[in-house]
Amino acid sequence: MRSCLLDKVLESKKNPSDNIENRNRMILRCSVSSFMFMKTTRSSHNEQLLCPTRFCCCGRRHLIEAAAAAALLPLNPSTSTAAADSTTMLNKVHPPRPDWYEEFYASVMNKTMKSYEAEIAGYKSQLFGNYLKGKVEKVLEIGIGTGPNLNYYANDTHVQVFGVDPNKMMEKYAQAAAVAAGLPPANFKFVQAVGEEIPLSDASVDAVVGTLVLCSVKDVDMTLQEVKRVLKPGGIYLFVEHVAAKDGTSLKFWQSVLDPLQQIVSDGCHLTRETGTNISEAGFSGVDLRMAFLSNASVISPHVYGIACK
């Protein structure tokens with residue numbers, strides 16, 4: 001369509017008898033034709049994007065249909081501007097700390113969470129096994145930490161994992177966990193960033209995983225909007241988060257008392273957040289949210305866990 005305008009103009013130059021009015025009419029006809037072609041193309045594209053999906057089943061069916069296109073969507077930041085924005089937000093939310101402190105905290109997390117992981121394993125195994133393992137190709141994990149979740153879904157040579165965490169010292173532990181899970185090194189990428197500004201393109205991943213991360217982000221709602229942004233249509237968000245206990249209970253009292261100290265010693269972790277409410281009101285097309293109580297979790301109980309569909 002675009003070439004018709006050039007051809008007509010060149011033809012008019014060869015024929016001096018064509019006046020300006022005739023040329024203008026030819027330009028107008030070609031412009032209208034080009035516009036109608038573009039409008040038809042866009043309408044067809046929009047109809048594909050608006051294809052309805054259903055919760056729970058939507059993720060699997062839609063992802064299978066989009067498998068061919070998935071390989072064309074990069075995990076890396078799309079522009080230098082996006083990377084710069086991510087770094088700016090990182091420094092704002094998680095100001096630079098001494099390397100010895102970051103290493104100490106990463107080492108402590110790697111050693112002291114084993115009893116917790118043993119108790120939560122049943123919930124994670126069910127959640128990741130039903131909705132993630134072997135069913136998706138590109139996964140983003142926010143707050144990947146030392147990588148305890150990789151064992152549940154990353155033992156697949158076809159999956160690509162993009163791990164985001166503000167603590168750069170977590171990288172070696174997460175990489176080791178990926179190797180132990182059977183994930184090829186080339187399929188795992190760690191990036192130092194925060195959930196409020198995820199350095200990925202729009203609609204670039206099949207699934208987002210987040211466990212014990214919304215308790216420590218600066219802005220829960222902003223992080224959830226970023227999760228929605230990077231998910232493909234029909235993509236899924238799997239979460240396991242500790243939340244505030246019921247009002248009036250002794251546990252809620254102690255959570256309120258210890259919350260300021262918890263934020264200091266646990267890298268910004270809050271004990272009294274109503275994270276389940278944030279997830280339910282984030283604008284996902286469907287949310288299946290459940291509650292669990294862990295005996296070994298002390299003040300970081302109860303938990304909400306489940307799946308949200310874009």
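Residues are listed down the side, and each one gets a yes or a no for (1) surrounded by fewer than 16 Cβ atoms within 10 Å (Cβ to Cβ); (2) at pLDDT 95 or above; (3) outside any loop (DSSP other than H, G, I, E, B); (4) in contact with a Leu (Cβ under 6 Å, 6 or more places away or on another chain):
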residue	(1), (2), (3), (4)
253	yes, yes, yes, no
264	yes, no, yes, no
270	no, yes, no, no
284	no, yes, no, no
287	no, yes, yes, no
298	yes, no, no, no
308	no, yes, yes, no
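When each of 122, 147 is tested for being more than 25 Å from residue 199 (Cβ to Cβ) and open to solvent by less than 60 Å² (accessible area, probe 1.4 Å), the lone residue that passes is 122.
Residues in segment 162-187 that are surrounded by fewer than 23 Cβ atoms within 10 Å (Cβ to Cβ) and of a type in the set (Phe, Trp, Tyr): 173 only. The residue that is nearest to residue 171 (Cα to Cα), counting only those in segment 84-108 that are in contact with a Gly (Cβ under 9 Å, 6 or more places away or on another chain) and of a type in the set (A, V, I, L, M, F, W, C), is 106.
Any residue at all in segment 223-234 that's open to solvent by 10 Å² or more (accessible area, probe 1.4 Å) and either assigned to a loop (DSSP other than H, G, I, E, B) or of a type in the set (A, V, I, L, M) (or both)? Write out each step before concluding.
Here is the first cut: in segment 223-234, the ones open to solvent by 10 Å² or more (accessible area, probe 1.4 Å) are 225-226, 228-229, 232-233.
From what is left, the residues that are either assigned to a loop (DSSP other than H, G, I, E, B) or of a type in the set (A, V, I, L, M) (or both) are none.
Checked segment 223-234: no residue is open to solvent by 10 Å² or more (accessible area, probe 1.4 Å) and either assigned to a loop (DSSP other than H, G, I, E, B) or of a type in the set (A, V, I, L, M) (or both).
Restricted to helices (runs of 4 or more DSSP H) entirely inside segment 91-159, those with at least 1 residues that are of a type in the set (Val, Ile, Thr) are 99-112, 114-131. Taking segment 234-257 as the range and being closer than 18 Å to residue 126 by Cα and among the β-branched types (Val, Ile, Thr) as the test, the residues that pass are 236, 240.
Kindly check whether there is at least one residue in segment 109-117 that is within 21 Å of the chain's Cα centre (by Cα), within 15 Å of residue 240 (Cβ to Cβ) and either modelled with pLDDT of 95 or more or not β-branched (Val, Ile, Thr) (or both). Scanning segment 109-117, I find no residue that is within 21 Å of the chain's Cα centre (by Cα), within 15 Å of residue 240 (Cβ to Cβ) and either modelled with pLDDT of 95 or more or not β-branched (Val, Ile, Thr) (or both), so the answer is no.
The values are calculated or read from the model by the stated rules, or taken from the named source; none is laboratory data. No experiment lies behind these values; they were computed from the predicted model shown. When we count neighbours, we look across all protein chains shown, and the Cβ atoms used for this are built from the backbone with ideal geometry, even at glycine. Surface areas here come from the heavy atoms of the whole protein model, side chains and all, with no ligands, DNA or RNA. Shrake-Rupley method; radii C 1.70, N 1.55, O 1.52, S 1.80 Å.
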